[in-house]
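The values are calculated or read from the model by the stated rules, or taken from the named source; none is laboratory data. This one's a predicted model, so the numbers in the text were calculated from it and none came from an experiment. Heads up, the Cβs are rebuilt from the backbone with ideal geometry, glycines too, and the neighbour counts pull from every protein chain shown.
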Amino acid sequence: MTAIERPARATESPGARYWHRSLHDYAAMIRQGPGGREGGPGDPERFARFGDLPGFPLPPPPRTLGALSRCLGPRRAGLGADDPPPVSAPSAAFHSALLHYSCGVLRTEFGPTARWPYHRAVPSARCFAPVETYLWTPGHEGVPAGVYAYDPAHHTLVLLRAGDFRALLGAALGADIADAVGVLLLSTVFWRTAFRYGAYAYRLCAQETGLVAGNALMVAGALGAQGHLHHQFLDGVLERLTGVARPDESIACVIALYPGREDDGRTILRSPARHTEAELSTAVGTVADRPASTATGVRSLSDLVEVDTAARLTDTAAFVRLPHASSPVQSAVGGTAVAGELADCLRRRTSGAPAFNPERRPVPLEAVLGAVKAALAPFVSDAVPQGTAPPVTAHVWAVDVTGAEDGLHEVTEHGLRHLGPVRIADLGLEAANINYRTVNAVVFLSVPREQAQAAFGDRGFRVLHHEAGAVAQRLCVLSTTAGLAARIHNGYAAGTVARALGLSPGHEPVFQIALGTPGADERYLMPVPDQLPLTHGGSPARKAVPAA
């Protein structure tokens, strides 16, 4: 940054400054952080503690969920023989499958180089897993209506508040949720990532929240429900409802769940009534008996606290959508790339070894292109008009893809548009732990930063990272059908990549995803047994109230 640029940036909003720093000056942000290490005395716990709050154990999750093709967007045809019926009411079995496969622990790591013991259904920077999941349910099978925290260490719902909060949630979302069968609230516990990465953790947490949200949308679809992704809500109301304590933890996004439909799906129904945080918060007391969070160093990370504070909403009248823009991919999902079973793909999804050195194996163009196009299919979000694909553009760097010219390609509704050959140096790739000579392809996901900043203000950073994260998770899961690992890595020079991709001014690349055949690894990733809770190194065995 030059001396001339510095004063101008000082006048920008916190969100605009964070966009620049986290994409174009991220190495300095990380160097300024605490620099913690896993296994050290300052290593945060990976699981939340809930003290003596009542717990309701969930039944073991099913081994299968169903075909990938039915969980990418609304159903467009009649129910097939193997399709689940639409979810008309929640159940213990529904919540068990939804929560386990959306954000539960699927594998544990062993071996001489094992450092990250708990692997969830989504990629996580060094497996820090900063995303927590809360659930509102109208009640079922001995589980009273109320707001719960999901405890993935014990596959248990922990009751935070009993009662019917449907009206309050709808008001805070600015939406009619009268027919919802449940609501998921995703939060981020910043210090789990920030103890190592400092203020840069805000970007990592926003990316991972999007990954978890995208995963939950897929799992819900496979179970016969439809999810609506809400980026806009009255933050303070939902934080009081769940007992979240800022700035250590912040509600990041919300997914309302509805019965699945055979047509184009239920739309988000905007509420005509205006609501404010001050009005609604008076009806929400504190969560009784929730243990206080452990002291952290989040408050010392001014950039993180500042941008998170600036992103908050206090009035539903401020809710907006991005202007309609044609998507690069609006075609229907189909093809061999989505032929797979979702639960199996989630268990097989991998980011590869810590040093990503894929085996050399050519992969056909249809496998890569089919996965990317399916990942870009529309889902219901309050950020874009109904039926519009996510505001994400995809480019593919083909390294060893049979049927595609080597070099950069833009993904369009007609396929790939070749932009020309490219060298690693031309892309400014800085990931020393990825062997770019043996990957099959690298996918770059880009978003309209300037447009989102104008529409959403400082909330635009996390809105676009969540939207792109949902696409990235779909791609990571779909890539397993071709036997590929998908490695997300932020080690790239954003300006250099943007120029190489020919991005329009105001657009930024926010994800780099390397695809390759995973090679030999010294670690052993063992599936978590269905009925064995995790009790080692993070969360003690807890008392539970058995569900009837």
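Considering only the range 413-507, give the helices (runs of 4 or more DSSP H) lying wholly within it that have at least 3 residues that are buried (at least 16 other Cβ atoms within 10 Å of the Cβ). Spell out how you get there, then give the answer.
Details: elements: 424-427, 449-456, 460-478, 494-501.
Here the list reads 449-456, 460-478, 494-501.
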Among residues of the range 137-173, those that are touching a Gly at 6+ places or on another chain (Cβ under 6 Å) and not aliphatic (A, V, I, L, M), counted | 6
Given the conditions (1) modelled with pLDDT of 95 or more; (2) out of contact with any strand residue (DSSP E or B) (no Cβ under 6 Å at 6 or more places or on another chain); (3) surrounded by fewer than 24 Cβ atoms within 10 Å (Cβ to Cβ), every one holds for Tyr202 apart from (3)
Selection over the range 341-366 where residues are under 19 Å from Ile488 (Cβ atoms) and in contact with a strand residue (DSSP E or B) (Cβ under 9 Å, 6 or more places away or on another chain) yields a count of 12
Across the range 154-185, the tally of residues that are of a type outside the set (Asp, Glu) and closer than 21 Å to Arg270 by Cα stands at 19
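Table: residues versus (1) at pLDDT 95 or above; (2) in contact with a helix residue (DSSP H, G or I) (Cβ under 7 Å, 6 or more places away or on another chain); (3) aliphatic (A, V, I, L, M).
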| position | (1), (2), (3) |
| --- | --- |
| Val477 | yes, yes, yes |
| Ala485 | yes, no, yes |
| Leu532 | no, no, yes |
| Ser539 | no, no, no |
| Val545 | no, no, yes |
A careful count of residues in the range 226-247 that are part of a loop (DSSP other than H, G, I, E, B) and not charged (D, E, K, R) gives 8
Going by the structure shown, is Gly260 on the phi > 0 side of the Ramachandran plot, touching a residue at least 24 places away in the same chain (Cβ under 8 Å) and not acidic (Asp, Glu)?
-> no
What pairs can you find where one residue is in the range 400-423 and modelled with pLDDT of 95 or more, the other is of a type in the set (Lys, Arg) and surrounded by 14 or more Cβ atoms within 10 Å (Cβ to Cβ), and their Cβ atoms are less than 7 Å apart, with a gap of 6+ or different chains?
-> Val411/Lys373
Applying the selection to the range 273-312, what residues are of a type in the set (Ser, Thr, Tyr) and either under 16 Å from Glu239 (Cα atoms) or assigned to a helix (DSSP H, G or I) (or both)?
-> Thr276, Ser281, Thr282, Thr286, Ser293, Ser300, Ser302, Thr309
Among the candidates Asp289, Asp263, Asp308, single out the residue that is modelled with pLDDT of 95 or more and assigned by TED's automatic domain parsing to the domain that holds Gly221.
-> Asp308
Is it fair to say Gly210 is farther than 22 Å from His489 by Cβ, outside any loop (DSSP other than H, G, I, E, B) and not assigned by TED's automatic domain parsing to the domain that holds His466?
-> no
One residue from Gly221, Gly174 being closer than 26 Å to Ala89 by Cα, crowded, with 24+ Cβ neighbours inside 10 Å, more than 20 Å from the chain's Cα centre (by Cα) and not β-branched (Val, Ile, Thr) = Gly174
Would you please name the residue that is nearest to the chain's Cα centre (by Cα), looking only at residues in the range 57-86 that are at pLDDT 90 or above and part of a loop (DSSP other than H, G, I, E, B)?
-> Leu65
Matching entry among Thr133, Thr137 (being crowded, with 19+ Cβ neighbours inside 10 Å and in contact with a Cys (Cβ under 6 Å, 6 or more places away or on another chain)) | Thr133
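From the list Ala398, Ala367, Ala375, which residue is within 30 Å of His231 (Cα to Cα) and surrounded by 21 or more Cβ atoms within 10 Å (Cβ to Cβ)?
Details: Ala398 fails: within 30 Å of His231 (Cα to Cα); Ala367 fails: within 30 Å of His231 (Cα to Cα).
None of the others qualify; the one that does is Ala375.
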Extreme residue, farthest from the chain's Cα centre (by Cα), among residues of the range 347-377 that are over 19 Å from Leu408 (Cβ atoms) and aliphatic (A, V, I, L, M) = Ala355
